[in-house]
Amino acid sequence: MNKNQILGAKLRDAALTHAMAAHNPLAAKLAEQAGFDAIWGSGFELSASYAVPDANILSMSTHLEMMRAIAAAVAIPVIADIDTGFGNAVNVAWIIPQYEAAGVSAVVMEDKTFPKDTSLRADGRQKLVRVEEFAGKIAAACAARRDANFLIIARTEALIAGLGQGEALSRARAYAAAGADAILIHSRQPTPDEVLGFIAAWQDDTPLVLVPTAYPQLTERAIERLGKVGLVIYGNHAIRAAVGAMQSVFARIRRDGGIYNVDAALPTVKAIIELQGDAAMREVEQRFLR
Ligand code: SPV
Ligand code: MG
């Protein structure tokens, strides 16, 4: 099975699939080593790593090239966050083969207007396109893929936009009918109640995807018991871990007036060299450097 087939099979089987966010190949490698099933090619994380808002400030090609680099660095599938699809159905039809060629196995596209605003910010600009327009974008994505196993995941932001369960459900049904392989239902409520209400009302066979950043108390075991959720995405924990670690080490070095205290607590230089793929390079060196 290729990576696309593996991800599709995992999405549909009984066990919950776990994706960890990454903003570069090193973060993706660490997530793979930790045992995650897939990488979430997060727009939020990539934007943060460039110190710009997650609001379509970065270009599609910046995101695409990072997805290519990540997919080349790991053996597990990559799920690319293509925001709103960088335009209308015509843009979507154009970019899907490019993401496929970059080696990713799935895209998640959300039903907000372009340019988007990030979902988890209080008082963000959360405006949705018409349901027909977004169903057309999903259908365009499905028609544009070369490999039928490449997954198109539709994400509705109806709850994020405060439009209620009825709107979220009718949008999700329309996107599933348009061919979406899964539905990501997003919420930024501090409890899982809103999402649980949606899941209880969801009678379609299309699997659901959750990003429980705002309601972290919902455990994997509890999600598994719900039965209808195929994939959980941890949306921003790589960049938050990196920011926290850097802040604390940088502050300590300034406080101490040197690196003598932090050195022993940090991963060794040797460990970083290993993560860089040094072993593979030495093998090539041995065989071919004459
Ligand atoms: C991302 O990680 O870019 C996402 C998830 O889209 S969230 O930030 O929660 O909207
Ligand atoms: Mg995003």
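So the values come out like this:
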quantity: Test: residue in the stretch 247-267 that is surrounded by 12 or more Cβ atoms within 10 Å (Cβ to Cβ), among the basic types (Lys, Arg), within 33 Å of the chain's Cα centre (by Cα) and within 27 Å of GLY43 (Cβ to Cβ); calculated: no
quantity: Flag for ALA31 being closer than 13 Å to GLY235 by Cβ, modelled with pLDDT of 95 or more and touching a helix residue (DSSP H, G or I) at 6+ places or on another chain (Cβ under 8 Å); calculated: yes
quantity: Residue check for ASP204: away from ligand 1 (no atom under 16 Å from the Cβ) and out of contact with any helix residue (DSSP H, G or I) (no Cβ under 8 Å at 6 or more places or on another chain); calculated: no
quantity: Residue match in the stretch 40-48 (condition: open to solvent by 50 Å² or more (accessible area, probe 1.4 Å) and either over 14 Å from the mean Cα position of the chain (by Cα) or at pLDDT below 95 (or both)); calculated: no
quantity: Pairs with Cβ under 6 Å, 6+ apart, first in the stretch 133-152 and in contact (Cβ under 8 Å) with a residue 60 or more places away in the chain, second outside any helix (DSSP H, G or I) and among the basic types (Lys, Arg); calculated: none
quantity: Any hit, the stretch 70-79, residues being aliphatic (A, V, I, L, M), open to solvent by 10 Å² or more (accessible area, probe 1.4 Å), closer than 15 Å to ASP147 by Cα and away from ligand 2 (no atom under 12 Å from the Cβ); calculated: no
quantity: Qualifying positions in the stretch 233-246 - farther than 25 Å from VAL209 by Cβ and open to solvent by less than 40 Å² (accessible area, probe 1.4 Å); calculated: GLY244
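The values are calculated or read from the model by the stated rules, or taken from the named source; none is laboratory data. Nothing here was measured: the structure is a model prediction, and the numbers come from that model. Note that we place each Cβ from the backbone using ideal geometry, even for glycine, and neighbour counts take in every protein chain shown. Protein only, heavy atoms only, side chains kept; ligands, DNA and RNA dropped before computing areas. Shrake-Rupley method; radii C 1.70, N 1.55, O 1.52, S 1.80 Å.
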